[in-house]
Amino acid sequence: MRAAWYERQGLATDVLQVGELPTLESGPGEVRVRLRFSGVNPGDTKKRSGWLGNPMAFPLVVPHSDGAGVVDSVGAGVDSGRVGRRVWVWGAQSYRPSGTAAEYTVVPADQAVDLPDAVSDELGACLGIPGITAHRAVFGDGSVAGATVLVHGVLGGVGSLAAQLGRWGGATVIGTVRRTADLDRVDRSAVAHAVALDAPDAVEQVRAQAPDGVDRVVEVSLSDNADLDVQVLAVGGVIAAYASRDDRPGLPFWPLLFANVTLRLLGSDDFPAAAKQQAAADLSAAAGDRVIAVPIAEPLPLDRVADAHDRVDAGGHQRVLLAIP
């Protein structure tokens, strides 16, 4: 099978290769998926670069955990009726060596989720890491029906999906952007109120929309926003943080304590299995309801995988995909 891979960590252009690898076979409880698109996430480029000094888990890695395609074979114990069905894939390279940057990937059967007819393969390839992280951030502490949820970085991959899922779950969503100039880009179908963090009265703007405080905060930069968060949270509220600019953030401990705040830290590879399954089911349902929209850049061919990684590292608000030939 044609695939991209790396055998050492480093810059994308230095370590990523494209060529032929042995075609994978599905084992017991697994399905093999003939991929159409591979989704590239920041976590994929961090694994490749050796971020935080983390070593390679396998001698050869086919990167990327997210993708979409068609089931083309199943292993023992899996319903043969799944062959030929369109699916989106999550966790393909989570504790496994062979991800979705290839013609085929093999995953446990429940990690290949049926795509509703109304959902494109491109959107399916965008749901995995950001969608499951967003779902856990929004719903990890129960229903949000009737609640107010503050989503930081609402233009980002996780933030935009968190806002859409929050609205789908019955919450009033307040979203933030870094700059006032970005307010016009916010999806107002999901975000009831948008606030720019460069505004001198950002806290007051949030409190005006949530006089009793917000119930949950979906946090993209804990080190930057902790002081704002504690000023807008309701007593007993939750901060669900999936990233931080500073890896040793300073926290306003006593104000957080007096407000009885729960700080939930989110590492998507190690969410409870049941939480991942519920997230996958809800993401498919929400996408099928046409609630979820993701801005997607023109997919790149597999042999431009290094360019795809560089685009992800450069940032931006469009998802980066590889089109698999």
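We did not get these values from a lab; they are worked out from the coordinates using the rules stated. Because the structure is a prediction, the values reported are computed rather than measured. Cβ atoms come from the backbone with ideal geometry, glycine included; neighbour counts cover every protein chain shown.
Ranking Pro130, Leu24, Asn54 by how far each Cα lies toward the positive end of the dipole of the chain (charges on Cβ) leaves Leu24 at the top. In a DSSP loop and with at most 16 other Cβ atoms within 10 Å, the trypsin sites (Lys or Arg not before Pro) in segment 120-201 are Arg178, Arg179, Arg188. Where in segment 42-72 is the amide nitrogen less than 18 Å from a point lying 7 Å along the Cα-to-Cβ axis of Glu25? Answer for this model: 72. Ignoring the sites themselves, the chain has its longest run without GluC sites (Glu not before Pro) in a DSSP loop having at most 12 other Cβ atoms within 10 Å at 26-325. Note on Ser223 and Ala145: their simple-model spin labels are 4.0 nm apart, each label 7 Å out from Cα toward Cβ.
Could you please state, rounded to a whole Å, how far the C-alpha centre of segment 222-244 is from the C-alpha centre of segment 157-205? Taking the Cα centre of segment 157-205 as reference, the centre of segment 222-244 is 15 Å away. Taking 0.36 nm per residue of sequence separation and removing the Cα-Cα distance, the Asp117/Asp14 pair yields an extension gain of 33.1 nm.
Take every DSSP beta bridge whose two residues both sit in the chain; close to 55 percent of them are antiparallel. By the count of other C-beta atoms within 10 Å, a proxy for reagent exposure, His193, His135 are ordered fewest to most as His193, His135. By the helix-only formula, in which each DSSP H run with n ≥ 4 contributes -39500 (n - 2.57) and the sum is divided by residues, the chain has a 222 nm mean residue ellipticity of -8000 deg cm²/dmol.
When Thr100, Thr172, Thr23, Thr105 are arranged by Cβ crowding within 10 Å, least crowded first, meaning fewest neighbours, the order is Thr23, Thr172, Thr105, Thr100. For the pair Gln278/Trp51, report the inter-label distance in nm, with labels modelled 7 Å from Cα in the Cβ direction. Output for this residue pair reads 2.7 nm. Modelled label positions at Asp270 and Asp313, each set 7 Å beyond Cα in the direction of Cβ, lie 2.6 nm from each other.
The structure shown yields Cα extents along the principal axes in Å, and of the options (i) 61, 45, 40; (ii) 58, 41, 34; (iii) 57, 53, 41 that calculated value carries the label (ii).
Residues in segment 22-46, backbone N under 15 Å from the label point at Arg85 (7 Å along the Cα-to-beta-carbon vector): list them, ranges by number please. Once the point is set 7 Å along Cα→Cβ of Arg85, 29-34 turn out to lie under 15 Å by backbone N, inside segment 22-46.
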